[in-house]
Amino acid sequence: MNNPTEITLAKVRLHWGIFIPAIMSLVAMLFVGIMLAFLFHAIGSVFNQSNQPTSWLPQLMFFVILAIPVAFLFLQAWLIYSKADITLTNRRLVFNNGLFYARMSGELPLENIETIFIFESVLGRIFGWGSVTVTSIGGGRFPLRHISSPREFHAVLQQAVADAKSFSREASVAARPSQDDDSRFMPKS
């Protein structure tokens with residue numbers, strides 16, 4: 001924020017809930033992997049004609065193959081979590097969210113914000129995350145997804161927008177010449 005009169009009102013981080021799909025994938029991978037490993041081991045020992053113990057190497061390779069997409073999901077969630085930045089000042093809302101393949105960055109003056117929506121799923125209400133969607137005067141929609149404490153951010157954003165709009169109205173009224181003043185019709189020198 002390069003303006004000395006600009007004050008940071010809130011900095012919002014993404015919630016740890018962004019890792020839930022990766023965690024659920026890990027649990028599913030472990031469950032399926034363990035079941036298939038025991039199944040493969042049982043089938044291998046039935047068809048094993050010699051009395052030598054069967055190898056666990058194929059099952060281990062299967063786990064490694066299943067772990068690659070799960071590791072990718074964790075990496076993706078961590079990159080999104082670490083790169084996201086949402087800053088609210090007394091003059092504007094600055095946001096950077098997403099990754100290189102789908103990134104949303106922007107800066108929105110508070111006077112141009114028309115509506116603010118909040119969305120919290122059941123899990124979001126339980127664990128404290130949600131989405132705040134900001135709509136600008138031109139109709140642009142800016143969803144800020146998976147943020148921590150969305151209700152608190154929503155309240156601070158509403159107050160900041162109200163303050164910015166009242167300040168801009170006061171400034172425009174003060175800049176307008178009064179009706180009794182004829183100086184606006186005088187030639188400018």
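Listed values, structure above:
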quantity: Cα-based Rg / Dmax (Å) for segment 91-150; calculated: 12.3, 34
quantity: Accessible area per residue in Å² at 1.4 Å probe, computed on segment 120-169; calculated: 54 Å²
quantity: Table column - 3J(HN,Hα) (Hz), segment 76-86, Karplus curve with 6.51, -1.76, 1.60, x for Gly and Pro; calculated: 4, 4, 5, 5, 4, 4, 6, 8, 6, 8, 10
quantity: Area of Leu57 that stays accessible when all protein chains are in place (1.4 Å probe, Å², to 10); calculated: 100 Å²
quantity: Residue-level accessible surface for Leu75, protein heavy atoms, 1.4 Å, Å²; calculated: 90 Å²
quantity: Dimensionless Rg/Rh of segment 67-117 - Kirkwood Rh, Rg from C-alpha atoms; calculated: 1.16
quantity: Listed peptides 147-160, 117-130 by packing density, highest first (mean Cβ within 10 Å); calculated: 147-160, 117-130
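The values are calculated or read from the model by the stated rules, or taken from the named source; none is laboratory data. On a predicted model such as this, the values are computed, not experimentally measured, just so you know. Virtual Cβ from ideal backbone geometry, glycine too; neighbours counted across all protein chains shown. Heavy atoms of the whole protein, side chains included, go into the accessibility calculation; ligands, DNA and RNA do not. Shrake-Rupley method; radii C 1.70, N 1.55, O 1.52, S 1.80 Å.
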